[in-house]
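The values are calculated or read from the model by the stated rules, or taken from the named source; none is laboratory data. Bear in mind that the values here come from a model prediction, so they are computed numbers and not experimental data. Here the Cβ is made from the backbone with ideal geometry for all residues, glycine too, and neighbour counts use every protein chain on show. Please note that ligands, DNA and RNA were not included when accessible areas were found on the heavy atoms of the full protein model with its side chains. Shrake-Rupley method; radii C 1.70, N 1.55, O 1.52, S 1.80 Å.
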Amino acid sequence: MAAGVRKIAVLPDPVGEVIDGSTLANGLQLRRVRVPLGVIAVVYEARPNVTIDAAALCLKSGNAVVLRGSSSATHSNAVLAGVASDAATGAGLPPAAISLLAGGDRDELAELATQSGVIDLIIPRGGEGLKAALKGVATVPVIYAASGNNHIYVDDSADLEAALAIALNAKLQRPGTCNAAENLLVHRDLADTFLPGALRALHVAGVTLHGDERVRAAAPGVPIDAATDEDWDTEYLALELAVGVVDSVTDAIAHVNAHGSGHSEAIVTRSTQAARAFQLGVDAACVYVNASTRFTDGGEFGLGAEIGNSTQKLHARGPIGLRELCTFKYLVEGDGQIRS
């Protein structure tokens with residue numbers, strides 16, 4: 001956590017950064033610059049490291065932060081928030097720049113989510129239940145740090161050694177994270193050559209497999225449960241994987257867009273045409289070509305840390321770092337212009 005804060009500290013200050021500018025025909029000088037959002041509430045479950053990440057990112061971007069962790073980490077959150085608050089006040093910031101609310105029930109969450117005029121933005125980082133609870137009551141703007149029902153698609157032109165390494169890494173390296181793979185799609189022309197070895201390796205690693213009929217036929221010696229409709233839409237966050245065979249990159253794109261959560265999707269291919277089709281056709285915050293989805297992370301993207309990963313399309317998308325915690329304003333300078 002300390003190392004992450006040090007990385008955030010040395011990043012460029014986003015506040016005041018000039019995004020773009022121009023001179024109008026009437027001589028007015030326009031600059032669009034980043035400014036803080038104001039007071040950001042971060043609601044999170046279980047993981048107390050979010051206390052420090054959120055505090056550091058919000059303060060670096062010029063915002064005050066209200067932290068609301070879960071009751072399962074009450075004592076850890078209190079200690080960590082105290083450390084952060086002491087450091088902030090010691091550097092001259094107001095005592096209320098970092099505020100911690102003890103984890104309470106959903107009624108208290110609803111009260112926080114309706115503090116219009118006090119809270120400028122809420123970022124929930126947790127399960128679908130937390131998000132559903134906020135969606136029903138929030139009057140404050142919300143950026144949802146979303147779930148990741150992510151796919152690895154192995155195209156017919158893929159380097160099979162790279163495809164195996166990517167599939168194993170995306171599922172096994174840290175299966176309980178939102179950027180882990182939950183689905184493996186394979187082109188029909190590779191079903192008999194790629195799937196037996198890949199699924200055997202996943203099984204040996206302890207992964208429970210759910211496959212369609214073509215998958216089960218391609219790897220008869222590997223235990224594979226029959227995939228249900230629910231399997232394609234499930235974020236397992238565990239050693240569990242849904243596997244399907246598709247007829248083309250077009251079918252893979254359609255499957256991803258029908259079942260994915262818009263988080264991180266990957267294609268393994270040596271075809272520039274297939275890669276481009278996947279990049280343009282898949283609707284997700286992060287689209288990878290020949291790489292694991294596990295890289296969707298603020299630290300990996302050079303943001304120091306993140307508050308979460310957004311799959312929304314307005315304002316922030318992907319890892320939520322310093323710039324995503326800012327809005328902007330137009331600064332307009334003239335020398336007496338009036339509109340006729």
Could you derive backbone 3J(HN,Hα) for the range 236-251 from the dihedral phi with the Karplus parameters 6.51, -1.76 and 1.60 (θ = phi - 60°), listing whole Hz in sequence and x where the residue is Gly or Pro?
6, 6, 7, 7, 8, 8, 9, 10, x, 9, 10, 8, 6, 5, 5, 5
Pairwise FRET efficiency - residue 300 versus residue 237, Cβ, R0 = 22 Å, nearest 0.05:
0.70
Mind checking the per residue accessible area of the chain for me, 1.4 Å probe, whole number of Å²?
47 Å²
Cross-link candidates for residue 171: which lysines have Cα within less than 27 Å, leaving aside residues fewer than 8 places away along the same chain?
131, 313
Over every pair of different alpha-carbon atoms in the range 275-334, take the mean of 1/r and invert it; report that Kirkwood radius in Å.
13.4 Å
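Roughly what percent of Cα-Cα pairs across the range 1-45 reach past 14 Å?
Across the range 1-45, Cα pairs with separations above 14 Å total 70 percent.
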Using only protein heavy atoms and a 1.4 Å probe, report how much of residue 19 is accessible, in Å² to the nearest 10.
60 Å²
Amide H partners (placed H, <5 Å) of residue 240, local residues excluded:
208
Taking the range 202-249, how much of its Cα-Cα pair set, in percent, is spaced more than 17 angstrom apart?
32 percent
Give the long-range amide H neighbours of residue 37: residues separated by 5 or more places, or on another chain, with amide H under 5 Å away, using H modelled in the peptide plane at 1.01 Å from N.
327
May I have the pair-distance distribution P(r) for the range 238-310, computed from all Cα-Cα distances with 10 Å bins from 0 and rounded to whole percent?
18, 48, 28, 6, 0
Gyration tensor (Cα) of the range 1-128, equivalent ellipsoid semi-axes in angstrom
31, 19, 12
Spin-label pair residue 32/residue 132, simplified geometry with 7 Å Cα→Cβ offset, distance in nm
3.8 nm
Considering the Cα positions of the range 184-314, please state its Rg to one decimal place and its Dmax as a whole number of Å.
15.4, 47
Residue 201 and residue 115 label points (each 7 Å along its Cα→Cβ direction) are spaced in nm at 4.9 nm
Length released on extending from residue 257 to residue 174, taking residue separation times 0.36 nm less the Cα-Cα span
27.5 nm
Averaged over all viewing directions, the convex hull of the alpha carbons in the range 152-259 casts a projected area in nm² of 5.9 nm²
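Please work out the FRET efficiency for the pair residue 78 and residue 9, using the Cβ-Cβ distance as r and a Förster radius of 30 Å; give the result to the nearest 0.05.
0.80
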Once you put a point 7 Å from the Cα of residue 188 and another 7 Å from the Cα of residue 314, both along the Cβ direction, what distance in nm separates them?
4.2 nm
Report in % the part of the accessible area of the range 102-261 that belongs to carbon and sulfur, leaving out ligands and nucleic acids; probe 1.4 Å.
50 percent
For the range 115-179, what is one quarter of the convex hull surface built on the Cα atoms, given in nm²?
6.2 nm²
Kirkwood Rh and Cα Rg combined as Rg/Rh, the range 52-95
0.97
Short version: ³J(HN,Hα) in whole Hz for each residue of the range 83-93, in order, from phi by Karplus 6.51 cos²θ - 1.76 cosθ + 1.60 (θ = phi - 60°), x for Gly and Pro, what are they?
4, 5, 5, 4, 5, 5, 5, x, 8, x, 7
Determine the equivalent ellipsoid of the chain by diagonalising the alpha-carbon gyration tensor, then write out the semi-axes as square roots of 5 times the eigenvalues, largest first, rounded to whole Å.
41, 26, 17
